[in-house]
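Just below is one structure, and these are the notes that go with it.
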Amino acid sequence: MLDVIVNGESRILAGSVTVKELIQDMDLQGKRIAIEINGEIVPASQHSRVQISDGDHIEIVGAIGGG
Amino acid sequence: MTESSNDPLIIAGIEYGSRLLVGTGKYKDMDETRAAIQASGAEIITIAIRRTNIGQNPGEPNILDVLPPDKYTILPNTAGCYTAKDAVRTCMLARELLDGHQLCKLEVLGDEKTLYPDMPATMEAAETLIKDGFKVMVYMNDDPILAKRLAEMGCVAVMPLAAPIGSGLGVRNPHNIRFIVEEATVPILVDAGVGTASDAAVAMELGVDGVLMNTAIAAAGKPVLMAAAMNKAVRAGREAWLAGRMPKKAYASASSPETGLID
């Protein structure tokens, strides 16, 4: 079990997962998003390779209307 | 064929037919957003970067589906950032989100009440972003010296405020905007503070290259109609600037011939 923070909220992950799997788990696949883990951007090309670790702080952002 | 029909706005080497840039915030829904942006004629539109669980109804389409990047030039902003570090981080996320897109609108705010920019932090962030390959359009206060410094640093557009963000007060200091325009080496856009069509025209008549606005359209009684009005006002103001206004005089000067009058 991994205890991580996603967008400021605590989240328990069942086991070892990749960024891609987390995105699928959150129903965000195919959406225009950007991911940062512990302050470092994980490029889209790396999503299927990078594993999430216990205690990671993950930010998932998207575009919204703004001025 | 008017003189302004071949008068593109050029930012970072790209030509645009519209000198009105618009934000996409504060609209009632996505339909209104789309209709207003369309009526404005804008080709460059700003967006904000936020956590995916913020500000979106799960069923609602994403702003980038409604206003697709192949149709509009997307200008991600750093609105809400109060430090250089947060602003840089936001631009990096935007670049990742938009597949390597380098154009960004930098704003580092200094104060919640006025939303005036923190200029030392803005300059620090601009320097970092430019070194990293970003094409920075920078929001600033109406200071002619800072405008020059930001252009020298390599910002692709310098964007002084007309008045505080969302205030709708119009151009508060036309003299400073004119000084900035006189010394400009990059496009100057008035960003923030426009309230109605005449404000946009006034800004353009001062010789700025464009106007960026959001609230003036989104908070109007009929946003789509106001977007159309702004579209025309920016064009009218540009044409008036290119035409060159008549000199002001203290006394009257008859428009009709003063000879040949009937007895």
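Readers should treat all values here as calculations from the given coordinates under stated rules, not as data from a laboratory. If you're wondering where the values come from, they're calculated on a predicted model, not measured in any experiment. All Cβ positions, even for glycine, are placed from backbone atoms using ideal geometry, and neighbour counts span all protein chains on display.
Taking the Cα atoms of chain B alone, what are Rg (to one decimal) and Dmax (as a whole number) in Å?
19.6, 81
How far apart, in nm, are the 7 Å Cα→Cβ label points at residue B:83 and residue A:28?
Spacing of the two 7 Å Cα→Cβ label points: 2.2 nm.
Can you tally the net charge around residue A:2? Count Lys and Arg as +1, Asp and Glu as -1, for every other residue whose Cβ sits under 10 Å from the Cβ of residue A:2.
Charge balance in the 10 Å sphere: -2.
Taking the Cα centre of chain B as origin and charging only Cβ (+1 Lys, Arg; -1 Asp, Glu), how large is the dipole, in debye to the nearest 20?
Dipole magnitude for chain B comes out near 280 debye.
Whole angstrom only: what separates the Cα centroid of the range B:107-173 from the Cα centroid of the range B:218-242?
The two parts, judged by their Cα centres, are 23 Å apart.
Which percent, to the nearest 5, of DSSP beta bridges fully inside chain B are antiparallel?
DSSP beta bridges in chain B are roughly 15 percent antiparallel.
Can I get the semi-axes of the range A:2-62's equivalent ellipsoid? Compute them from the C-alpha gyration tensor as square roots of 5 times the eigenvalues, in angstrom, largest first.
Working through the eigenvalues yields semi-axes of 16, 12, 12 Å.
Can you pull out the chymotrypsin sites (Phe, Trp or Tyr not before Pro) in the range B:172-263 that DSSP calls coil and that have at most 15 other Cβ atoms within 10 Å?
Listed in order of number, the matching sites are B:251.
When DSSP beta bridges are limited to those with both residues in the protein assembly as shown, what percentage is antiparallel, rounded to the nearest 5?
Working: 22 of 46 bridges.
Counting DSSP beta bridges with both partners in the protein assembly as shown, the antiparallel share is about 50 percent.
For chain A, what is the calculated [θ] at 222 nm in deg cm²/dmol (nearest 500), taking -39500 (n - 2.57) for each run of four or more DSSP H residues and dividing by its residue count? Before the final figure, lay out the partial values.
On the way: 1 runs with 7 residues, N = 67.
-2500 deg cm²/dmol, from helical runs alone.
Sketch the reach of a paramagnetic label on residue B:243 as a point 7 Å from Cα along Cα-to-Cβ, and name the residues of the range B:192-210 whose backbone nitrogen lies under 19 Å away.
Under cut-off, by backbone N: B:197-210.
Too long at a 30 Å Cα-Cα cut-off: which of B:26/B:148; B:26/B:71; B:26/B:131; B:71/B:105; B:135/B:222?
B:26/B:148; B:26/B:131; B:135/B:222
Quick one: which of B:98-105, B:181-188, B:161-168 comes out on top by average Cβ neighbours within 10 Å, and what's the full order, highest first?
The most tightly packed comes first, giving B:161-168, B:98-105, B:181-188.
Which one, A:34, A:13, A:51, is farthest towards the positive end of the dipole of the range A:2-62 when Lys and Arg carry +1 and Asp and Glu -1 on their Cβ?
A:34
Would you tally the net charge around residue B:180, using a Cβ to Cβ cut-off of less than 13 Å, leaving residue B:180 out, and scoring K and R as +1, D and E as -1?
Its environment carries a net charge of -3.
Please build a GNM for chain B, connecting alpha carbons under 10 Å apart, and tell me which residue among B:160, B:174, B:76 fluctuates the most.
B:174
For chain B, what is the calculated [θ] at 222 nm in deg cm²/dmol (nearest 500), taking -39500 (n - 2.57) for each run of four or more DSSP H residues and dividing by its residue count?
Per the formula, -11000 deg cm²/dmol.
Dipole of the protein assembly as shown, Cα-centred, from +1 at each Lys and Arg C-beta and -1 at each Asp and Glu C-beta, to the nearest 20 debye?
540 debye
Just the Cα atoms of the protein assembly as shown, one point each, no solvent: what log10 I(q)/I(0) does Debye give at q = 0.12 Å⁻¹?
These q points yield log10 I(q)/I(0) values of -0.83.
If R₀ is 51 angstrom, what is the calculated FRET efficiency for the pair residue B:14 and residue B:254, using the beta carbon separation as r and rounding to 0.05?
Efficiency for this residue pair is about 0.60.
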